[in-house]
Amino acid sequence: MDRITGIFVDGMGTAAATSGILTQLQGRIFGLLYLQPRPLSLDEITEQLQQSKSNVSVQIRGLLEWQLVKQVRISGSRKDHYESASDFWRVMQEVMERRFRWNLRQVLATADETLQALGVEAATGVDAEPPVDDAVARERIVALRAFFGALDAGVSGMSRGEVFVPDSVRKTLVRIAVEGSG
């Protein structure tokens with residue numbers, strides 16, 4: 001591997017290791033493939049990175065799942081070849097959908113359930129243990145729900161290829177707050 005490729009491959013490995021999404025080796029594989037003018041076989045990747053074939057194969061499966069790498073057929077070859085993704089907008093859409101969307105929706109569901117419980121307790125006169133200041137709790141949960149609702153709307157927009165900018169988030173927050181208070 002030449003010096004420039006080595007610098008990039010090692011840097012991508014380091015970035016991946018701290019991402020919480022990819023392993024260091026997955027980052028290195030992606031970095032190697034990204035700089036190549038043609039798809040590489042599993043054997044070529046293992047040789048360049050000096051890793052075992054089984055380890056690289058397992059890591060490539062993860063990269064395929066994240067759509068960071070795609071398998072390519074080369075005419076006249078029985079071997080699997082791989083190339084990196086280059087449409088980073090699509091890659092980020094996939095990461096946002098798969099990694100963060102579930103978490104956002106879990107927070108929203110929790111906020112909705114808590115708001116519903118606050119309403120039930122207020123209607124039945126049942127006190128929470130320990131006592132919760134209903135007005136403060138409601139205000140904070142509504143704010144939390146508005147924020148995470150705006151993020152969820154932003155991720156939805158991003159999935160449709162729309163630009164996700166702070167102004168759209170602020171407008172969504174205002175809309176959600178107005179709808180929620182009505």
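Inside the range 1-94, counting only helices (runs of 4 or more DSSP H) that do not spill past its ends, which hold 3 or more residues that are within 30 Å of GLY157 (Cα to Cα)?
3-17, 24-34, 53-65
Return the only residue of ILE29, ILE45, ILE4, ILE60 being among the β-branched types (Val, Ile, Thr) and surrounded by fewer than 16 Cβ atoms within 10 Å (Cβ to Cβ).
Just one listed residue meets the conditions, ILE4.
Residues GLN24, GLN71, GLN59, GLN50: which one is out of contact with any Cys (no Cβ under 8 Å at 6 or more places or on another chain) and in contact (Cβ under 8 Å) with a residue 24 or more places away in the chain?
GLN59
Coordinate-derived values only; no laboratory data. Since the model is a prediction, treat every value here as computed from it, not as a measurement. Ideal geometry is used to build each Cβ from the backbone, glycine not excepted, and the neighbour counts take in all protein chains shown.
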